[in-house]
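Down below is the structure, laid out as C-alpha cells.
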Amino acid sequence: MKTDVVVIGGGPSGMSASLEARKQGAKVVLIDVESRLGGILNQCIHNGFGLKHFKEELTGPEFANKLAEKVYQSDITVLLKSYVNFIGKNIVYAITPNGQEKIECKAIVLCCGARERTAGEIYLKGKRLAGVYTAGTVQKMINFYGKLPGKNAVILGSGDIGLIMARRLTLEGVKVKSIFEIMGHSSGLRRNIRQCVEDFEIPLLYNHTITRVVGKERVEGVYYAEVDENRNPKPETEKFIECDCVLLSVGLIPENSLLPEETKREKFVLVDDERQTSVEGIFISGNVLHIHDLADNATEEGEIAGKFAGLKALNMSKRYEKVKVYFSAKISYCMPQLINKKEDGKFTIYLRANDNFLKKYIVVKCGDVDIARKFCIGITTGEMQEIEVEYEKIKGDLFVDIGD
Amino acid sequence: METICICCPIGCRLSVKKENGEIVVTGNTCPRGKEYGISEFTLPKRVLTTSVVFNDFTLTMKTNIAIDKKLQNEALKQIKSIYKKEYKIGDVVIKNILDTGADVVITGKLLNV
C-alpha cells in the first residue's frame, strides 16, 4: 500500500491529525487497534469535554463521534483492528485483519496515547492479590461491560481518572472508603475535586500513601500512613482500612516505544513547533508526546501535527533555522522545545509549573526583551498553561519564566 | 459560601452570598459561572451520565440538563431499568425523568464490546 501520510492511533489527536493532513491535500491512512474510532474517549462517558474545541459541553463518546463522523465523511482510509509493529523512515508495518501490510508513505504521525502506571512501577508493597486495578481498567469494566471491581474500594492517587472513578463507583453502588494522595495537593482539575469528591463526601487524604496491601488471595485491606516531606511513610502513623479492591490513579506514561531508536529525547521526545521529531518525517502529538489535561488540547495538537505532516508529505514544507526554548526552575517542562524561526504568524508554548502560584505573569524572554506576557490568576501544578508568541519577535533562544 | 465552578476546566473560585434578598456571585469570570453560583446556592444540580449494558451492545447516556444532586441515585435506578430497544445517538430514552425537566439522551452506542 502506498499513501502520503500514515496516522497511528484513532483517538482525538489522531482523528484531528488525519483530518488536517487531508485538508492539505495529502492521502491519509488512519490505523487503530480497536474496532471503533475514538480511543479512550469512548470509555470516558462523563461530561465536560469539548468546551474549548467545539464550544459546547459534550460527553466523551459524543466528542469522539463528532470527529469520527468527519473522518468517515472524508476519503481517509481507516484501518481498524490493526496493530502497528514497526515504523521507520517513510515506512509503516501493520498487522491488519487481512495479514501483514507494508505501507509506504512520506510522513507519519504518531498519536498512540499513553498507558497507566501500574502497581509494580510504584513499588506497591504486599502480595500480588486479585483486586488491584488501574483506574482506567475499572472505567472500561464498568462503562463497557457493566462489571464492578468490588464492594469497598480505596483509591491511590488523585489524578483526574481517579477522581472521576470515585464518582462513578459511588453512583454504581460501590463504597469508596478513601482516596490517598502522596503529595500535598491533587494533580487533578479543581472542578473534579468539587464534583466528584466533595459532592459525595469521600475522604481525600493528602500526604498519605498506601504502605502495603494485605489479603489471602484477594485484597482484604490496606495499611496506609502519612508521609514526611521526602515522601517516606511515617511508621507511627500507619493505620488499617478494610476494602476489597484498590484503584491506582498514579499517572500516565506516553506509549512512544514505536519511535525509532535514534529519536532524540530529553524529559519528553524532542519536537519542534510543527511537532516533528528529530527523525525527519515522523510527527508526534497527543498524550504520546506529553500528558494533556483535556481532550480538547490533544485535538488541537493533533491538528498542528497533521497539518505539517500533510505539508511535509506534499513537499510543501520549508526549512527554517531553529531556536531552543529554555525555562526556569519554577517550570517543570515546556512544549515544544524547539522553534522554527518563521517570518510571521503565531504559535503556542504549553507549560506546566513546578509549584502553585497566585497572580503571576508567564513571561517569554528573548535575550533581555519580553516578547510575550500573560497574566494568570492561579497557576497550579495540575493544570497546563499556555502562552501565545509571535514568530517575528524571535531573535534567538527563548527563556520562559513565571514572575511579576 | 465558597465553591469551585465546575462549568469548565478553569475552575474559578466562587464566593456566593445573600445580600438584601439577592444572591451575589463573585470570583466568576463568565456568565456561566454566575448562573452556576446561584444554582449551587439554591439547589445544587449535576449532569448525570451512565452506561447501560445489554448482551450485544452497550449504550452510554446523559441527562441533557443538570438535575437535582439529591435525585441522582433515584434517576440512575430508573435509567438502569430501561428495556432493550434499537436506539440511535441523540435519541431520548426517558422524557422528563423524575419531573426534573431533563431528558435522558443516548450519547454513544458500542457494538461488539
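Per-structure values
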| item | result |
| --- | --- |
| Residue tally, condition more than 11 Å from chain A (Cβ to nearest Cβ), more than 13 Å from the chain's Cα centre (by Cα) and open to solvent by less than 50 Å² (accessible area, probe 1.4 Å), over the range B:68-84 | 1 |
| Candidate set: the range B:94-113, residues that are more than 14 Å from every other protein chain (Cβ to nearest Cβ) and of a type in the set (A, V, I, L, M, F, W, C); chosen: the one most open to solvent (accessible area, probe 1.4 Å) | B:LEU98 |
| The lone exception for A:ASN85 - which of (1) at pLDDT below 95; (2) surrounded by 14 or more Cβ atoms within 10 Å (Cβ to Cβ); (3) not assigned by TED's automatic domain parsing to the domain that holds A:SER187 it fails | (2) |
| Residue in the range A:306-316 that is surrounded by fewer than 17 Cβ atoms within 10 Å (Cβ to Cβ) and either out of contact with any Cys (no Cβ under 7 Å at 6 or more places or on another chain) or in the same structural domain as A:LYS106 (by TED's automatic domain parsing) (or both) present | yes |
| Filtered residues of the range A:262-289 (kept if touching a helix residue (DSSP H, G or I) at 6+ places or on another chain (Cβ under 9 Å) and small (Gly, Ala, Ser)) | A:GLY281, A:SER285, A:GLY286 |
| Residues satisfying the stated conditions in the range A:122-135, i.e. open to solvent by 10 Å² or more (accessible area, probe 1.4 Å) and either closer than 30 Å to A:MET15 by Cα or in the same structural domain as A:ILE282 (by TED's automatic domain parsing) (or both) | A:TYR133, A:THR134 |
| Qualifying position, being modelled with pLDDT under 95 and within 13 Å of chain B (Cβ to nearest Cβ), among A:LEU51, A:LEU80 | A:LEU51 |
| Lone qualifier among A:ILE241, A:ILE339 - being open to solvent by less than 60 Å² (accessible area, probe 1.4 Å), farther than 30 Å from A:GLY396 by Cβ and not in a helix (DSSP H, G or I) | A:ILE241 |
| Candidate set: the range A:291-305, residues that are charged (D, E, K, R) and open to solvent by 30 Å² or more (accessible area, probe 1.4 Å); chosen: the one nearest to the other protein chains (Cβ to nearest Cβ) | A:ASP293 |
| Count of residues meeting criterion [within 23 Å of A:GLN139 (Cα to Cα) and part of a loop (DSSP other than H, G, I, E, B)] in the range B:42-58 | 5 |
| Test: residue in the range A:160-179 that is free of Cβ contacts under 8 Å to residues at least 60 places away in the same chain, hydroxyl-bearing (Ser, Thr, Tyr) and surrounded by fewer than 17 Cβ atoms within 10 Å (Cβ to Cβ) | no |
| Hey, A:GLY99 open to solvent by less than 70 Å² (accessible area, probe 1.4 Å) and at positive phi or not | yes |
| Candidate set: the range A:181-201, residues that are β-branched (Val, Ile, Thr) and crowded, with 20+ Cβ neighbours inside 10 Å; chosen: the one farthest from the other protein chains (Cβ to nearest Cβ) | A:VAL197 |
| Search result, residues across the range B:1-16 that are in a loop (DSSP other than H, G, I, E, B) and within 20 Å of the chain's Cα centre (by Cα) | B:CYS5, B:ILE6, B:CYS7, B:CYS8, B:PRO9, B:ILE10, B:GLY11, B:CYS12 |
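Condition check ((1) in a loop (DSSP other than H, G, I, E, B); (2) under 30 Å from A:VAL246 (Cβ atoms); (3) aromatic (Phe, Trp, Tyr)) across all residues:
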| residue | (1), (2), (3) |
| --- | --- |
| A:VAL33 | yes, yes, no |
| A:GLY48 | no, yes, no |
| A:LYS52 | yes, no, no |
| A:ALA64 | no, yes, no |
| A:LYS70 | no, no, no |
| A:ASN85 | no, no, no |
| A:GLN100 | no, no, no |
| A:VAL109 | no, no, no |
| A:CYS112 | yes, yes, no |
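A quick yes/no check of all residues on (1) away from chain A (no Cβ under 11 Å); (2) in contact with a helix residue (DSSP H, G or I) (Cβ under 9 Å, 6 or more places away or on another chain); (3) not in a loop (DSSP other than H, G, I, E, B):
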site	(1), (2), (3)
B:LYS18	yes, yes, yes
B:GLU35	yes, no, yes
B:GLU40	no, no, yes
B:THR60	no, yes, yes
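The values are calculated or read from the model by the stated rules, or taken from the named source; none is laboratory data. Fair warning: this is a prediction, and the values are worked out from it, not measured in the lab. Methodologically, a virtual Cβ is constructed for each residue, glycine included, from the backbone with ideal geometry; neighbour enumeration extends over all protein chains shown. These area figures cover heavy atoms from the full protein model, side chains too; ligands, DNA and RNA do not enter into them. Shrake-Rupley method; radii C 1.70, N 1.55, O 1.52, S 1.80 Å.
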